[in-house]
Amino acid sequence: MMKKILLFLLVLMVWQPALHAELTIEITEGVEGALPIAVAPFSWQGNGSPPEDIAAVINADLQRSGRFKTLPRADMLARPTSVEAIEFKDWRALDIENLVIGQVQSNGAGGYQIQFQLLDVFRGEQLVGYSIPTTAPNLRSTAHRIADLIYEKLLGMPGAFATRLAYITSTKPVNGERRVDLNIADADGFNPETIVSSSEPLMSPAWSPDGLKLAYVSFEGGQSAVYVQGVYTGKRQKVTSFKGINGAPAWSPDGRKLAMTLSKDGNPDIFVFDLNTRKLQAITRHYAIDTEPAWSPDGRSIVFTSDRGGKPQIYRVSAFGGKAQRITFQNSYNARASFSPDGKVLALVTLVTREEGKKYRIAVQDLESGVMQVLSQGSLDESPSFAPNGSMIIYASKAGYRGVLAAVSVDGRVRQRLALQEGDVREPVWSPFKK
Amino acid sequence: MKKMSIVWVPILLSLLLLVGCSSTPTSEGGADVSEQSTGADGSDAYGDGASTSAASQGSEWQGDPLENPNGLLATRVIYFDFDLSTVRSDYMDVIQAHADYLAANPQVVVRLEGHADEKGTREYNLGLGENRANAVRSLMLAQGVSDNQLVVVSYGEERPAAFEHNDESWALNRRVELIY
C-alpha cells in the first residue's frame, strides 16, 4: 500500500521569453546577473564507489536557485580536490568567480566526513570551509546544508535547499477505487514519503511554523474535516468537523492558531481556531464565498479570497476581524494569496487573457505599489507557495493530461518542473526552515 | 458500471435506498463512501437502460418511482454553467420531481454533492460546489422537502467525473449529484 512513488526531477533552465505586455512588467534577460560558480567533483576515500555524488547535489541546488550559473563538469579544465591543486588563473579564464572543492571520507563504521571549501577565484582565498560528519541516510541532506552555506556566504541570505515539500498525489479511479496521498519530500524532490493515504479527497496541506506538523483537509467519512498531524510522529488530531466546509487551514506565525474556512453558518467564512483553548473566532461574516486565508508574517492581518464583489478577489482584514479591504484590482480573478516571508509581496493565482485564451497563472503582487507581475506560463497553474527564504515559488501546473509541480524564481528567470512517474501531483507547500 | 444491465438497476437502487434510509447523515462512515461512487456511476446506467426498458416494457412503471428508469427521478446529476451556481431552467422539472418524491417520502434522505471544474483555486471551488448544492437544496426546501432530508457536501474539484482538461470535461464536472 505504501508504495513509494519516485519523484524525478527535471531541471529546465529556461530564460523567459518576453511576456505579453498588459498588466505585467516585462521581464528581460539578465536583469540580475547569475553568479558564475564551479563545483568540482569531491574526492572519495573509502571502499567501492562513492555513496552519493555530493558535488552534483550541491551543483543542482545552486543552479535551481537561479542565482548561480554553474559550470558543467565537461567544461572543467581540472577537477581539484585540494587548495594546493587549484590553478586559479585557469578558472579565471573561464570567468568563474567562485569554486567549491571537497572530499568525502568513509570512517569505516557507516559514517562519513565531508569537507568542503568555497574559494574566491579572483582573490585566491577561502570564503568558507567546514568538515561535517554525516551518515549514509543523511548524505543528501548534508549536501543541501552545504549548498545553503554557500548560498548564504555569497548572497547574504539563507539558502532553502535543506527544506522539505508537502504535496498531494492522486491516481485516476481504477475499478471505481480512488487513491489520494499526502506526501513529503526533500525540496529537490528526493526521499518522498507518504504520510496520509485515503480513498477520499485530501487537500490544502499547511506546514506549522516549526515544520513539525501539517494541517490538512480530509474527506474521509464522507465530509470535510481539518486535521493536524505530526509529520515525524504520525500522530494526528481532528481539529474541526462542522457541518459543511472545513477547509483551507493556515497556521498563525506563532503556531498557536489556525485560520480556516467554515461554512457551518450557511456559507463559507473565515474563522480563527485557537489550538490551545479550542475557541473559534469569526473573522468574516458575508454571504459571499470567503476562503483561502493566509496570515501576514507579523500575525496582525489575514488576506483571503472573496467573491463579495462578484468575482474572486483578495481582501485584507485584521487578524481579529473587522472591516475587510480589497487589495487586488488587476484581472477578473485573483485567489489563494500568501505572503512572502518578508511580508512585502503576495503570491496568488490570477486569470490572464492571452491570444490563446484565458489562463490561470501564478503572479506576485507588491503590497506597497500594488504592481502585479505574472510569473508562470501554464493554463491551469495554482497553489503557489514561497520558499522560506523568499527566493522561489513552487506551484501546481499541468503538463499534458498530468498534474505536475513547477517552481519559478521570484524574478521569473528560472523555472523547474517536478513530475511524478505516474499519477497527478498538486498542492505543493514549502516547509519552513528546519529548526 | 456503464454497461450494467437493466435487471440490476432496480436491485442496486433498492440496496442504495436501504443504505440511505438506515444511515443518518451525521454518522457516515466508510460504507457511504462506496455508496456515493456507486450512486454516481449508477446514474449513468439509468440513462443507458432507459431505451431498453421502454422498448421491452411499454407499460406504466409499477414499482418505486425512484427506480423508474424513464422517470424524471432517473436524472441524478444537475449540470451548471461556468462559475455559476444558479440552477438552469431546464432542470426545474427534475428538481420538482425529486422534491415531490422526497416530500411524499419523508423518511428518505438524499445527499446533494456539489462539484466544480478544475478552473480556479481548489478551496474557492469548494465554496462554489457548496453554493451549487445549496441552490438545489433551496429549491427543494421551497417545494416542501424537510431540511433533515437534505445533506449538502461539497467536493469542489476534488472528484472529477471527467478527466480531460477541456470544455467538455469541465461541463461534466460542474454538477450536483443527487445520491439517494
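The values are calculated or read from the model by the stated rules, or taken from the named source; none is laboratory data. Owing to the predicted nature of the structure, the values given are computational and were not obtained by experimental measurement. Virtual Cβ from ideal backbone geometry, glycine too; neighbours counted across all protein chains shown.
Worth pointing out:
- For beta carbons closer than 9 Å, sequence separation of 6+ or different chains, a first residue in region A:396-416 that is not assigned by TED's automatic domain parsing to the domain that holds A:THR70 and assigned to a loop (DSSP other than H, G, I, E, B) and a second that is crowded, with 19+ Cβ neighbours inside 10 Å and β-branched (Val, Ile, Thr), the qualifying pairs are A:VAL410/A:VAL345; A:VAL410/A:VAL364; A:VAL410/A:ILE393; A:GLY412/A:VAL364; A:GLY412/A:VAL374; A:VAL414/A:VAL408.
- Any hit, region A:402-414, residues being within 14 Å of another protein chain (Cβ to nearest Cβ) and buried (at least 21 other Cβ atoms within 10 Å of the Cβ): yes
- Filter result for B:SER169 (assigned to a helix (DSSP H, G or I), in contact (Cβ under 8 Å) with a residue 40 or more places away in the chain, within 14 Å of chain A (Cβ to nearest Cβ) and surrounded by fewer than 17 Cβ atoms within 10 Å (Cβ to Cβ)): yes
- Subset of region A:234-245 that is at pLDDT 95 or above and in a loop (DSSP other than H, G, I, E, B) - its residue that is surrounded by the most Cβ atoms within 10 Å (Cβ to Cβ): A:ILE245
- Restricting A:ALA55, A:ALA78 to residues that are in a loop (DSSP other than H, G, I, E, B), out of contact with any Lys or Arg (no Cβ under 7 Å at 6 or more places or on another chain) and either at pLDDT 95 or above or exposed (fewer than 14 other Cβ atoms within 10 Å of the Cβ) (or both) narrows the list to A:ALA78.
- Qualifying residue in region B:151-166 (condition: away from every other protein chain (no Cβ under 12 Å) and not in a helix (DSSP H, G or I)): no
- Hits in region A:200-212 - residues which are more than 12 Å from every other protein chain (Cβ to nearest Cβ), touching a residue at least 40 places away in the same chain (Cβ under 8 Å) and closer than 15 Å to A:GLN237 by Cβ: A:SER208
- Scanning region A:174-199 for residues that are within 13 Å of chain B (Cβ to nearest Cβ) and among the acidic types (Asp, Glu) turns up just one, A:GLU177.
- Qualifying position, being of a type outside the set (Gly, Ala, Ser), within 14 Å of chain B (Cβ to nearest Cβ) and closer than 27 Å to A:PHE433 by Cα, among A:THR163, A:THR169: A:THR169
- Residue, farthest from A:ASP424 (Cα to Cα), within region A:125-146, restricted to residues that are among the hydrophobic types (A, V, I, L, M, F, W, C) and out of contact with any Leu (no Cβ under 6 Å at 6 or more places or on another chain): A:ILE132
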